[in-house]
Amino acid sequence: MKDSELIKKAKRARERAYAPYSKFKVGAALLAKSGKIYTGANVENATFGLTVCAERVAIFRAITNGEKYFVKIAVVVDKDEPVTPCGACRQVLSEFASNLKIICANLEGKTERYSLSELLPEAFEKFDKDPSTD
Ligand code: THU
């Protein structure tokens, strides 16, 4: 799966964002090792604090559909510069894919690439996450 295809899916997902408060729509597309792609968009709430970012929507959809291993995620915004996932999303992604590749893009096609371990060094890790024991 080419990065450009994943970005395209994230762009499409972005259109479904619910962001009436910030007006800042974000789309994400997560590629699982199975080859399936799980998309997400941010869903805001009148309380503000209950807002969920696009990246977490995507990974929660993937996990609850039985996925365990992930390759990369594309995140798309409409801004001059691409944005990187927020701290909360970094921590949640690291629970399942500590070395996930992250492709950040804007609508004009500008891209930046990172690894999750680079964006979240020394992530909090408390439990033995060996999936064979769950
Ligand atoms: N947001 C995301 O969906 N992902 C990010 O990586 C950064 C922020 C959302 C949350 C909120 O709905 C809006 O962007 C403004 O912060």
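The values are calculated or read from the model by the stated rules, or taken from the named source; none is laboratory data. Small disclaimer: the values here were computed from a predicted structure and weren't measured. Here Cβ is always computed from backbone atoms with ideal geometry, including for glycine, and neighbour counts include all displayed protein chains.
Quick notes
- Region 12-22 - residue that is assigned to a helix (DSSP H, G or I) and within 12 Å of the ligand (Cβ to nearest atom) and, of those, surrounded by the fewest Cβ atoms within 10 Å (Cβ to Cβ): ARG14
- Comparison of LYS9, LYS25, LYS36 shows that the only residue that is within 9 Å of the ligand (Cβ to nearest atom) and surrounded by fewer than 24 Cβ atoms within 10 Å (Cβ to Cβ) is LYS25.
- Of all the numbered requirements in (1) on the phi > 0 side of the Ramachandran plot; (2) at pLDDT below 95, GLY66 misses one, and that requirement is (2).
- Checking THR51 against (1) within 8 Å of the ligand (Cβ to nearest atom); (2) touching a Gly at 6+ places or on another chain (Cβ under 9 Å), the condition it does not meet: (2)
- Condition met for GLU67 (within 16 Å of the ligand (Cβ to nearest atom) and of a type in the set (Asp, Glu)): no
- Odd one out for ASN99, checked against (1) surrounded by 12 or more Cβ atoms within 10 Å (Cβ to Cβ); (2) in contact with a strand residue (DSSP E or B) (Cβ under 7 Å, 6 or more places away or on another chain); (3) more than 24 Å from ARG16 (Cβ to Cβ): (1)
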